[in-house]
Amino acid sequence: MLIRIFVRTDFRIIAKSFLTIFTYLIIGFITLLNNVLFGQSFHIIGTWALTSLNLNSGECGNCSIQTIGLPGPDESGISFGPDNNLYYLNTIYPGPQSQIYQVDIATGNWGSPIFTGPVLDHMYGFVSVGGGIFYSKTSFISSTDILYRWDINAGTVIAVGNIPYNGNSDMTMAWGEIYYEAKSVPTGFNGIVRLDTINPGNSELLFTYPWNISFTGLTASPFCNTLLGLDGYDPGVLKLINLIDGTISPYCSFDQQDPTYISSPLEFAPPTPCLATLDLDCNDSSGATNADYNSPDYDCLSNGVGVADEDIKMLYDAIISEMKIQITGFVPDAPFELLFMTGSVAGINVSGSGTDMITLSNAGGAKSTDFKDALRLIVYNNISNYPTGGLRTVVVQFTTESGAMSNIATAFIQVNELQRVPVDLGPDQQQCDGETTIFDAGNPGASYSWSTGQHSQKITTGMSGQYIVTVSNGIL
């Protein structure tokens, strides 16, 4: 009896990968914001020193610090004025009177007080508005919450009225407004307040955050719609506070013992133009420049590669409403080149996962940090049997509620085409009844998967049929 055995060779490359990429083409181009005032020094008072802090890497969060001199009588707050002078308020030391000092920012020397006021409750919060006018507020440990107006020209200190939110930090001027941190609004939460100096009772609580986030000092920031704050629980950490959506994120760390107050002439600078700005790799650690990112290389063994680094930067003029991520340009393996969302983020709706474009939408209450978290979950994947080598591009852009669109940021993905494994089982075999045939897939040391369920390099059979083998050489 003649047994006919048919052989089919299958040397497919088995690839597993799920990946997602950013999307959306914009009509028009908005350039990156690069005219921020990074040359301006920030002055910080700590337990043992007055220091000067410099922001070295723009929005990407690198700073350096230099000691100027000893701390002064600054118990109640510090503030730069529009005259570029630094002032201290002291309501405890050296005696019962309240005193304002002008400080030499080159040496830290403060000399004699330039104004002496009446005996007051302990102040915690002090700000200059120019023309010899200052404001202070009582400490959160005081029995009253009162805003005072100091006029050193007229020689008066007047109680303006009660503030509705108990102060928990120094005050700062920024873009013509005064801000401070409020304590326990409600219980268990702190928050940022915009002060009304005409009618303090109308001061506005902008947003709140958990009690374990707190700031001792605030100042204006060179980045639009943000303040800088000294972390009250993690000394030596400067944080960026976004006034649009309440996002609070670490900016940089520095070495100073118990930094308490911070101020800068930026408090009287004009508002920074606010372009909607996106950077997928703020410090350019991937080797890409400007707003772009070099993703890890992709091959058929990859489980997907991301389209953004950890240090995503976003500046915006309003709440972010949508972000689009899309594969564009050279896509030789379409429709098998896809983006995937590998998780979920509260407040973010996702559409298009498993296609060449994903849209992230604000479901209500989502912040920029939520969009960043969602973006980090997107991966690019190529599910074709043999991915074609070459550079792929994924573009990302977001839109705010005002209709403003960010610049387009691009993730570059190098797809590497791996060498295929040569497999040849030879021609179809014919054997007589009772005889057997040996099939050899070759490639010693590789992994084998036969249609019979066997996993050896060679198999022996006497049954008629079709035999298929998949071979992996350890690179596949």
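Read through the list (1) more than 25 Å from C300 (Cβ to Cβ); (2) touching an Asp or Glu at 6+ places or on another chain (Cβ under 6 Å), then give the number of the only condition that F371 fails.
All conditions pass for F371, except number (2).
Could you name every one of the strands (runs of 3 or more DSSP E) located completely within the stretch 257-322 that has at least 3 residues being under 21 Å from I348 (Cβ atoms) and in contact with a strand residue (DSSP E or B) (Cβ under 9 Å, 6 or more places away or on another chain)?
Values: elements: 261-263, 277-279, 313-315.
Correct list: 277-279, 313-315.
In the stretch 313-366, which residues are touching a Gly at 6+ places or on another chain (Cβ under 6 Å), over 14 Å from V394 (Cβ atoms) and at pLDDT 95 or above?
Within the stretch 313-366, G347, A363, A366 meet the criteria.
Given the residues Y293, Y316, which is the only one that is within 18 Å of the chain's Cα centre (by Cα), surrounded by 19 or more Cβ atoms within 10 Å (Cβ to Cβ) and under 24 Å from L418 (Cα atoms)?
Y293
Within the stretch 140-194, restricting attention to residues that are within 27 Å of the chain's Cα centre (by Cα) and polar (S, T, N, Q), which residue is nearest to I248 (Cα to Cα)?
Looking at the filtered set, the residue picked out is N190.
Where residues in the stretch 232-251 are hydrophobic (A, V, I, L, M, F, W, C) and under 14 Å from I44 (Cα atoms), which of them is surrounded by the fewest Cβ atoms within 10 Å (Cβ to Cβ)?
V237
Pick from the stretch 357-373 the residues that are out of contact with any Ser or Thr (no Cβ under 8 Å at 6 or more places or on another chain) and on the phi < 0 side of the Ramachandran plot: which of them is surrounded by the most Cβ atoms within 10 Å (Cβ to Cβ)?
Kept after step one, since they are out of contact with any Ser or Thr (no Cβ under 8 Å at 6 or more places or on another chain), are these residues of the stretch 357-373: 360, 363-366, 370-373.
Pick out the ones that are also on the phi < 0 side of the Ramachandran plot and you get 360, 363, 366, 370-373.
Values: L360: 29, A363: 13, A366: 22, D370: 20, F371: 25, K372: 21, D373: 18.
Among residues in the stretch 357-373 that are out of contact with any Ser or Thr (no Cβ under 8 Å at 6 or more places or on another chain) and on the phi < 0 side of the Ramachandran plot, the one surrounded by the most Cβ atoms within 10 Å (Cβ to Cβ) is L360.
Which condition breaks for K137 when tested against (1) at pLDDT below 95; (2) surrounded by fewer than 22 Cβ atoms within 10 Å (Cβ to Cβ); (3) within 37 Å of the chain's Cα centre (by Cα)?
(2)
Scan the stretch 211-218 and give yes if some residue there is within 18 Å of the chain's Cα centre (by Cα) and within 30 Å of P71 (Cα to Cα), otherwise no.
Checked against the condition, which is being within 18 Å of the chain's Cα centre (by Cα) and within 30 Å of P71 (Cα to Cα), the stretch 211-218 yields at least one hit.
The values are calculated or read from the model by the stated rules, or taken from the named source; none is laboratory data. On a predicted model such as this, the values are computed, not experimentally measured, just so you know. Glycine also receives a Cβ, built like all others from the backbone with ideal geometry; neighbour counts cover every protein chain displayed.
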